[in-house]
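First up is the structure itself, then whatever we jot down about it.
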There are 2 protein chains.
Amino acid sequence: MKISTKTRYGVRAMFELAKNYGSYPVSVKTIAQRQEIPLSYLEQILNHLHKAKLVRSVRGPGGGFLLAKRPEHIRIIDITHALEESIKPVFCVDEMAEEDQCKRMDGCVARLLWKKLDEKIKEVLEGTTLKDLCEWAKKFSSTVEHEFIFHI
Amino acid sequence: MKISTKTRYGVRAMFELAKNYGSYPVSVKTIAQRQEIPLSYLEQILNHLHKAKLVRSVRGPGGGFLLAKRPEHIRIIDITHALEESIKPVFCVDEMAEEDQCKRMDGCVARLLWKKLDEKIKEVLEGTTLKDLCEWAKKFSSTVEHEFIFHI
DNA sequence: GACAAAGTTGATTATTTTTATAAGCTTTAT
DNA sequence: ATAAAGCTTATAAAAATAATCAACTTTGTC
């Protein structure tokens with residue numbers, strides 16, 4: 001039940017672009033440095049995000065990547081969809097003929113469990129956008145500042 | 001974000017034992033046949049569940065496995081704990097010095113997200129017991145029966 | 001007491017997935 | 001023209017997962 005490194009990198013890269021929303025493109029190199037992600041791997045990841053139309057690219061010197069939509073319109077689940085086959089906890093959560101997954105009703109009981117789990121996971125990933133992350137970041141940094149002042 | 005096959009097998013095996021609760025031991029062979037799980041792999045799995053004290057074993061002819069507690073006292077998360085290192089979506093959800101996971105607050109914003117996800121996952125896995133599965137199974141089979149009658 | 005039915009254990013192999021690297025390409029601002 | 005950027009695909013390396021195997025111990029029954 002692990003989120004893949006690829007997706008974790010992807011979310012962080014998208015967060016980096018979200019912070020920069022409305023400004024100049026950010027190069028892969030810059031993102032890689034800021035987020036400490038292997039450059040070539042990040043290129044691949046951004047390509048996937050590009051194909052999923054979550055980012056826009058600008059080629060040539062001064063180029064880089066930009067969010068393709070406003071941060072509040074990019075949900076975490078959009079990122080996971082672009083980078084993982086699926087976030088379903090088991091392959092059989094939806095679709096498929098019943099016969100393919102398990103021959104008895106028994107199997108389906110387990111499936112009900114995984115379905116319940118799947119719904120909750122979706123709730124979180126569909127309910128969180130890049131804007132939320134940016135707001136959390138603001139809140140977090142102001143907390144740190146406050147504590148800092150307090151301790152002096 | 002996949003539940004491992006090992007855990008899926010484990011849940012199904014435990015369900016098989018739960019259905020049989022209060023009766024004779026069920027042999028690994030029987031469980032393997034009923035649930036179509038590779039025998040030797042299932043042996044390993046039951047060993048883990050044994051070490052985690054979720055099942056009791058009876059050796060010798062007529063032996064097999066029994067639940068070590070009542071179905072309502074065995075939660076799905078107990079099974080995942082016995083069979084996977086952890087169900088956390090990322091390694092850094094809890095504990096660890098902040099320095100180990102990411103150098104900037106940025107990283108921690110992602111962490112807040114994964115933490116939120118972790119909580120929801122736990123809610124489901126802690127909130128579901130083997131008894132629930134058994135009840136779902138009853139409800140499900142009665143539904144099927146009803147539909148059957150309806151179609152005649 | 002012999003035998004067979006069961007669980008116990010640990011080593012090993014096989015497979016798949018994930019992560020990462022590399023190389024060569026195209027586009028474009030200056 | 002050149003260099004800074006993105007684009008693409010192939011491949012390697014590493015890790016995790018799944019499965020198999022072999023040899024062992026316990027115990028009920030005849």
If I ask for residues that are touching a helix residue (DSSP H, G or I) at 6+ places or on another chain (Cβ under 8 Å) and at pLDDT below 95, which ones from region B:1-47 would you list?
B:MET1, B:ARG34, B:GLN35
Within the bounds of region A:42-58, is there any residue that is within 14 Å of another protein chain (Cβ to nearest Cβ) and among the small types (Gly, Ala, Ser)?
no
Which of the numbered conditions does A:GLY64 fail, given that it passes all the others? Conditions: (1) near DNA strand C (Cβ under 9 Å from one of its atoms); (2) on the phi > 0 side of the Ramachandran plot.
(1)
Using beta carbons and a limit of 9 Å, which pairs, at least six apart or on different chains, have the first residue in region B:41-52 and more than 9 Å from B:LEU83 (Cα to Cα) and the second one more than 6 Å from DNA strand C (Cβ to nearest atom) and among the polar types (S, T, N, Q)?
B:TYR41/B:THR5; B:LEU42/B:GLN35
Restricting to region A:77-92, name every residue that is part of a loop (DSSP other than H, G, I, E, B), surrounded by 18 or more Cβ atoms within 10 Å (Cβ to Cβ) and more than 7 Å from chain B (Cβ to nearest Cβ).
A:LYS88, A:CYS92
Could you tell me whether any residue of region A:2-16 is more than 28 Å from B:LEU125 (Cα to Cα), within 10 Å of DNA strand D (Cβ to nearest atom) and touching a Phe, Trp or Tyr at 6+ places or on another chain (Cβ under 9 Å)?
no
Quickly run through region B:53-71 and pick out the residues that are in contact with a Ser or Thr (Cβ under 9 Å, 6 or more places away or on another chain) and free of Cβ contacts under 8 Å to residues at least 60 places away in the same chain.
B:GLY62, B:GLY63, B:GLY64, B:PHE65, B:LEU66
Please enumerate the residues belonging to region A:19-34 that are within 12 Å of chain B (Cβ to nearest Cβ) and either within 11 Å of DNA strand C (Cβ to nearest atom) or surrounded by 21 or more Cβ atoms within 10 Å (Cβ to Cβ) (or both).
A:ILE31
In this structure, is A:LEU42 within 14 Å of DNA strand C (Cβ to nearest atom) and buried (at least 17 other Cβ atoms within 10 Å of the Cβ)?
yes
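Conditions tested, residue by residue: (1) more than 14 Å from DNA strand D (Cβ to nearest atom); (2) over 20 Å from A:CYS108 (Cβ atoms).
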site: B:GLY22; (1), (2): yes, yes
site: B:SER27; (1), (2): no, yes
site: B:GLN33; (1), (2): no, no
site: B:ILE37; (1), (2): no, no
Restricting the search to region B:59-76, which residues are assigned to a loop (DSSP other than H, G, I, E, B), away from every other protein chain (no Cβ under 14 Å) and away from DNA strand D (no atom under 15 Å from the Cβ)?
B:ALA68, B:LYS69, B:ARG70
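The values are calculated or read from the model by the stated rules, or taken from the named source; none is laboratory data. Note that the coordinates shown come from a computational prediction; the quantities given were computed from them, not determined experimentally. Counting neighbours? That spans all protein chains shown, and the Cβs are built from the backbone with ideal geometry, glycine included.
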